């Protein structure tokens with residue numbers, strides 16, 4: 001008998017096990033600040049790849065390419081600087097937990113987390129595709145709304 005595992009379920013269970021183990025080892029304050037960082041990134045970031053969230057993605061032009069400054073990259077950089085300098089604006093367990101939560105979200109939630117240099121043309125195509133999808137979605141919902149409005153007017157006139 002061949003068993004088929006749901007990779008998403010296995011991924012979530014493995015991640016949960018690692019997080020619980022880390023919270024026991026590092027302490028509850030580190031885990032709480034990690035969870036706050038993760039939830040803030042989840043709330044402010046885009047729901048899927050290519051969708052902009054409440055905070056837009058940052059791209060730096062580099063010739064034919066654009067450098068995508070991911071939030072996990074920024075967080076990891078700040079962690080490296082704090083480790084190297086040894087100075088902290090927050091206690092280390094809170095700082096590393098919070099920034100670790102931001103970095104974890106960026107890597108765990110998006111399948112394009114490793115794409116840093118993007119050809120300008122490819123980014124334009126993704127933006128055009130998203131715009132076309134939004135136009136189709138809005139144009140299909142408009143006639144349905146008008147039909148519903150006409151139906152509502154007809155029932156109110158019948159009364």
**Report entry** Which listed residue is modelled with pLDDT under 80 and either within 22 Å of the chain's Cα centre (by Cα) or within 21 Å of residue 47 (Cα to Cα) (or both), from 125, 99
**Finding:** 125
Requested in this report: Could you check residue 29 against (1) modelled with pLDDT under 90; (2) surrounded by 15 or more Cβ atoms within 10 Å (Cβ to Cβ); (3) touching a helix residue (DSSP H, G or I) at 6+ places or on another chain (Cβ under 7 Å) and say which number it fails?
Outcome: (2)
Query - Single match in 52, 75 (criterion: surrounded by 12 or more Cβ atoms within 10 Å (Cβ to Cβ), at pLDDT below 85 and out of contact with any strand residue (DSSP E or B) (no Cβ under 6 Å at 6 or more places or on another chain)) - result: 52
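Provide a single number: the residues in the stretch 60-72 that are touching a helix residue (DSSP H, G or I) at 6+ places or on another chain (Cβ under 7 Å) and surrounded by 14 or more Cβ atoms within 10 Å (Cβ to Cβ).
Within the stretch 60-72, the first condition is being touching a helix residue (DSSP H, G or I) at 6+ places or on another chain (Cβ under 7 Å), and the residues that meet it are 64-66, 70-72.
If we keep only those that are surrounded by 14 or more Cβ atoms within 10 Å (Cβ to Cβ) as well, we get 65-66, 70-72.
Result for the stretch 60-72: 5.
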Requested in this report: Would you be able to say whether some residue in the stretch 83-98 is touching a helix residue (DSSP H, G or I) at 6+ places or on another chain (Cβ under 8 Å), exposed (fewer than 14 other Cβ atoms within 10 Å of the Cβ) and closer than 20 Å to residue 118 by Cβ?
Outcome: no
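The values are calculated or read from the model by the stated rules, or taken from the named source; none is laboratory data. Only a predicted model underlies this, so the values are computations on that prediction, with no experimental measurement involved. Using ideal geometry, Cβ is built from the backbone for each residue, glycine included, and neighbour counts are taken over all protein chains shown.
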